[in-house]
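Working notes, structure below.
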Number of protein chains: 2
Amino acid sequence: MKVGYLGPESSFSHIAAEKVFPKEELISVGSIVKLFDMVEAKELARAIIPMENNTGGSVAITLDELLEKEQFIVGDHYSAINYCFLSKNKENIAKIYSHPQGFLQCKEWLKNNYPDAELIECGSNSEAAKLASETGDSALAGKIAGQTYGLELITQNINDSSNNETRFIIVSKEQLDPKGGEKTSCFFALKNKPGALLDSLQPLKENNINMTKLESRPSKEVSWDYIFFIEFVGNLFDEKVQRSLEEIKKYTTHVKILGSYSKL
Amino acid sequence: MKVGYLGPESSFSHIAAEKVFPKEELISVGSIVKLFDMVEAKELARAIIPMENNTGGSVAITLDELLEKEQFIVGDHYSAINYCFLSKNKENIAKIYSHPQGFLQCKEWLKNNYPDAELIECGSNSEAAKLASETGDSALAGKIAGQTYGLELITQNINDSSNNETRFIIVSKEQLDPKGGEKTSCFFALKNKPGALLDSLQPLKENNINMTKLESRPSKEVSWDYIFFIEFVGNLFDEKVQRSLEEIKKYTTHVKILGSYSKL
């Protein structure tokens, strides 16, 4: 089975992919959009994709692709993320490469150590390490990326939060059997009336379903309107989940179910 | 009065700053974090800062800085954003520079026109135009940035949504008189019990207060816990707003008020 991850080699996504899929063929892909496109074209059976980090928050492009594509979440995976300060030339730290999430997750450390460095955002952390190696600059990335691209490890664990974690989702074009999955993810598009969000969430509360995540994203159809990404504890086959979803339809124009799944 | 904007010169922020503050001294600043820091140090009386776009969504770092700093929102401003495809060398389009929001807002156009180009994320759109000019590559940025940095205008209005708009906020260390402001922004940190978000929003609904925005961001204190950024129509001096906020305190550990303000 071909499983795509956000590359290049030695990215945090790559390390997560090796843990979740130790026996599968892992394919490095250059961007999150391309990962979803390749799953859509069935060039990949699965993709492991960063969804959110407990310091940096959600990855907007992942949410937008989940909304746009007809794909399913078939599992998720939490991985500890330890950023390192890596350099090709520690005498001259003028430019630092990282993923935007790297800069968010190491904000305090950067402010205290290199407040005047030029920060250059890259598509992934391993890409940042690769570029820093090529240009003779520095990067915030993982230890293994530093080894792969020949950077010197200057400081370890520079993330602001010592228990820095990223949650990855595993997406697939086919919905796997959702039975047994503990968590359900979906999008709600609300009817255009005041209080619709609150009304739409009420059935979850009334059925004692614990909502674990709520994110808003711009609706692509109506300017300054929003669509909501919601996760809750419960399986699509649970009677109280089915009852809630029926009730929720009264307040929404569309509910898109992404699947019930478990941690991998 | 010194007003900071996200530079360099000719960024969308610069154009917005010229509209809102035509008579003030405008200062180009390299990052959103530095804008907040300079307002904090009173080196700037105001900063005009991108908050959200109707295609790309909220700017995470802006929300996080609003949560962290003791500053106020004293106005907002909506500005039409037209991305252009600009190039120093149209015979060889291998690398395209833009702000991450530029890539989000022109996603379809990129996919249809340059699916294989290397996308390089920069701190602002004008920074992207400047870099493309220096390296002989291409950029997604505003027309004026293209003129400023000597790039050829290849295609105009390439954003996926034809009514692409960015909302900027104006922040200040001092709270201006909030009387008359139509909109209020605040953060809620919720008590750790199921249904707390719904309970905390109920008073707004009961008092017929229209919530216009709800965003979640990671709590910096508890791993995988969230804090909510909420906006509603109404002024802090309105009796029904005061009544709601009193009620809301029952379900929150902390409410941080950012101010009531109007469009500028």
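The values are calculated or read from the model by the stated rules, or taken from the named source; none is laboratory data. Computed from a predicted structure; not experimentally measured. So basically every Cβ, Gly included, is an ideal-geometry build from the backbone, and we count neighbours across all protein chains shown.
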Item to complete: State whether the residues of the range B:195-211 include one that is within 14 Å of chain A (Cβ to nearest Cβ) and within 18 Å of B:MET51 (Cβ to Cβ).
Response: yes
Discussion item. Quick check on my filter: what residues within the range A:117-174 are surrounded by 24 or more Cβ atoms within 10 Å (Cβ to Cβ), of a type in the set (A, V, I, L, M) and closer than 14 Å to A:CYS84 by Cα?
Written reply: A:ALA128, A:ALA129, A:ALA132, A:ALA139, A:LEU140, A:ALA141, A:ALA145, A:LEU151
Worksheet entry | Looking only at the range B:217-263, and only at residues there that are of a type in the set (Gly, Ala, Ser), closer than 23 Å to B:ASP64 by Cβ and not in a strand (DSSP E or B), the one that is nearest to the other protein chains (Cβ to nearest Cβ) | B:SER223
Fill in: Hey, A:TYR226 without any contact (Cβ under 8 Å) to a residue 40 or more places away in the chain, buried (at least 20 other Cβ atoms within 10 Å of the Cβ) and either at negative phi or not charged (D, E, K, R) (or both) or not
yes
Discussion item. Return the pair list, or none, for Cβ contacts closer than 6 Å from residues in the range A:187-199 that are without any contact (Cβ under 8 Å) to a residue 24 or more places away in the chain to residues that are not in a helix (DSSP H, G or I), at least 6 apart or on different chains.
Written reply: A:PRO194/B:ASN210
Discussion item. Looking at the range A:117-128, can you tell me whether even one residue there is more than 10 Å from chain B (Cβ to nearest Cβ) and over 21 Å from A:LEU35 (Cβ atoms)?
Written reply: yes
Worksheet item: Inside the range A:199-213, can you point out the residues that are part of a helix (DSSP H, G or I) and surrounded by fewer than 19 Cβ atoms within 10 Å (Cβ to Cβ)?
Response: A:ASP199, A:GLN202, A:LYS205, A:GLU206
Worksheet item: For the range A:167-185, which residues satisfy the criterion of being over 23 Å from A:LEU44 (Cβ atoms) and among the hydrophobic types (A, V, I, L, M, F, W, C)?
Response: none
Worksheet item: Is there a residue being modelled with pLDDT under 95, in a strand (DSSP E or B), within 18 Å of A:ASN163 (Cα to Cα) and within 12 Å of chain B (Cβ to nearest Cβ) anywhere in the range A:82-96?
Response: no
Worksheet item: Are there any strands (runs of 3 or more DSSP E) wholly within the range A:1-64 with 2 or more residues that are under 24 Å from A:SER216 (Cβ atoms), and if so which?
Response: A:46-53
Worksheet, complete the sentence: Of all strands (runs of 3 or more DSSP E) fully inside the range B:137-188, the set with 2 or more residues that are of a type outside the set (A, V, I, L, M, F, W, C) and in contact with a strand residue (DSSP E or B) (Cβ under 6 Å, 6 or more places away or on another chain) is B:152-155, B:165-172
Worksheet item: So which residues in the range B:229-242 are surrounded by fewer than 20 Cβ atoms within 10 Å (Cβ to Cβ) and on the phi > 0 side of the Ramachandran plot?
Response: none
Worksheet, complete the sentence: Subset of the range A:102-116, residues closer than 22 Å to A:GLY7 by Cβ and at the interface with chain B (Cβ under 9 Å from one of its Cβ atoms), comes to A:PHE103, A:LEU104
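Which count do you get for residues in the range A:1-18 that are touching a His at 6+ places or on another chain (Cβ under 7 Å), more than 14 Å from chain B (Cβ to nearest Cβ) and in contact (Cβ under 8 Å) with a residue 60 or more places away in the chain? It would help to see each step written out before you state the result.
We begin by selecting, within the range A:1-18, every residue touching a His at 6+ places or on another chain (Cβ under 7 Å); these are A:5, A:7, A:16.
This time we only want the ones that are more than 14 Å from chain B (Cβ to nearest Cβ), so: A:5, A:16.
Cutting the leftovers down to in contact (Cβ under 8 Å) with a residue 60 or more places away in the chain gives us A:16.
Total meeting the criteria: 1.
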Worksheet item: Based on what the data block shows, is A:ILE73 in contact with a strand residue (DSSP E or B) (Cβ under 6 Å, 6 or more places away or on another chain), modelled with pLDDT of 95 or more, surrounded by 20 or more Cβ atoms within 10 Å (Cβ to Cβ) and farther than 24 Å from A:ASP160 by Cα?
Response: yes
Worksheet item: Taking interchain pairs and intrachain pairs at least six residues apart, which have beta carbon atoms under 7 angstrom, with the first residue in the range A:51-75 and more than 12 Å from chain B (Cβ to nearest Cβ) and charged (D, E, K, R) and the second part of a helix (DSSP H, G or I) and crowded, with 21+ Cβ neighbours inside 10 Å?
Response: A:LYS69/A:PHE36
